[in-house]
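First comes the structure, then the notes that go with it.
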Ligand code: APR
Ligand code: ZN
């Protein structure tokens, strides 16, 4: 594991970068929602340690929607019950102060929007909505989850189809074109890339911080465990987002950042 040199792990260094940012971008992953009770995919306690990622692939879903909903049911209940934590709120504050231009998230839990972030780009869609692949009908996830006890797989109320799928990007599905190109544009013109709670293992999403780095923006990586991009980072903050991000936001305010 690359041990960051002294200074590269300092909150003060990160706070100065955040305070000076006017077109910052936050790039978030499952780790930012872990303290809201949503299991991450990789790393300690990650879902893929016990469940095959195949269960989140479009082929698995199309082959047997009932099997998919068996696995997704509990995750859906957790997702709908989850509330933003202090890390989500800290990003809202950094946007309000003018340090952050947008949040680009891989998460499908919708917690950045619920927390009040105005500019949110959901690279992997949003699991709080369900779409019928047969007729395009969309309905809230809560309504579909409510039918699961007596309807598995859930049926479309409009066409009766059984291909109701959360509006999240499954493995094997294309990324949303508009969201993806907007994320890359913002990364290319940002003056700070703040990565929070991502293993940076999944492409093309993980390309976003790389675009920022290649365009010359400083990288802050806040994560509970090492990531493959740590040696590219100007600052690496090791720990929990729910503790470190509010601390970073307070330190940036003290350093005189933003409006
Ligand atoms: N604070 C900060 N980091 C945390 C915390 C926490 N409280 N808890 C876990 N982490 C870190 C883990 O160490 C891990 O490196 O968050 C990271 C989460 O990584 P993943 O679970 O791989 O999540 P993510 O990077 O968002 O995955 C990308 O993979 O399965 C697909 O589509 C899915 O969007 C997801 C994509
Ligand atoms: Zn339908």
Can you find even one residue in the range 210-222 that is part of a loop (DSSP other than H, G, I, E, B) and under 19 Å from residue 94 (Cα atoms)?
yes
Could you list all residues from the range 41-91 that are at positive phi and under 16 Å from the mean Cα position of the chain (by Cα)?
43
Within the range 225-239, count every residue that is buried (at least 17 other Cβ atoms within 10 Å of the Cβ) and assigned to a loop (DSSP other than H, G, I, E, B).
5
Checking residue 165 against (1) more than 16 Å from ligand 1 (Cβ to nearest atom); (2) surrounded by 19 or more Cβ atoms within 10 Å (Cβ to Cβ); (3) over 30 Å from residue 210 (Cα atoms), which single condition isn't satisfied?
(1)
Is there a residue in the range 237-254 that is farther than 14 Å from residue 29 by Cβ, more than 15 Å from ligand 1 (Cβ to nearest atom) and touching a strand residue (DSSP E or B) at 6+ places or on another chain (Cβ under 8 Å)?
no
What number of residues within the range 41-68 satisfy the criterion of being part of a loop (DSSP other than H, G, I, E, B), out of contact with any helix residue (DSSP H, G or I) (no Cβ under 7 Å at 6 or more places or on another chain) and under 20 Å from residue 169 (Cα atoms)?
3
Do you know which of the residues in the range 86-134 that are within 13 Å of residue 25 (Cα to Cα), in contact with a strand residue (DSSP E or B) (Cβ under 7 Å, 6 or more places away or on another chain) and part of a helix (DSSP H, G or I) is farthest from ligand 1 (Cβ to nearest atom)?
94
From the list 26, 67, pick out the single residue that is surrounded by 17 or more Cβ atoms within 10 Å (Cβ to Cβ) and either within 15 Å of ligand 1 (Cβ to nearest atom) or farther than 16 Å from residue 223 by Cβ (or both).
26
Name the pairs whose Cβ atoms lie under 7 Å apart, with the first residue in the range 233-245 and in contact (Cβ under 8 Å) with a residue 24 or more places away in the chain and under 16 Å from residue 43 (Cα atoms), the second near ligand 1 (Cβ under 9 Å from one of its atoms) and in a helix (DSSP H, G or I), and 6 or more positions between them or separate chains?
240/35; 241/31; 241/32; 241/35; 241/87
From 167, 179, residue being within 16 Å of ligand 2 (Cβ to nearest atom) and either part of a loop (DSSP other than H, G, I, E, B) or in contact with a strand residue (DSSP E or B) (Cβ under 6 Å, 6 or more places away or on another chain) (or both):
167
Name the single residue that is nearest to ligand 2 (Cβ to nearest atom) among those in the range 94-125 being over 9 Å from the mean Cα position of the chain (by Cα) and within 17 Å of residue 202 (Cβ to Cβ).
125
Where residue 71 falls short, out of the listed (1) in contact with a helix residue (DSSP H, G or I) (Cβ under 8 Å, 6 or more places away or on another chain); (2) free of Cβ contacts under 8 Å to residues at least 40 places away in the same chain; (3) in a helix (DSSP H, G or I); (4) over 26 Å from residue 200 (Cβ atoms)
(4)
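No value in this document is a laboratory result; all are computed from the given coordinates. Everything quoted here is computed from the prediction, not taken from an experiment. Heads up, the Cβs are rebuilt from the backbone with ideal geometry, glycines too, and the neighbour counts pull from every protein chain shown.
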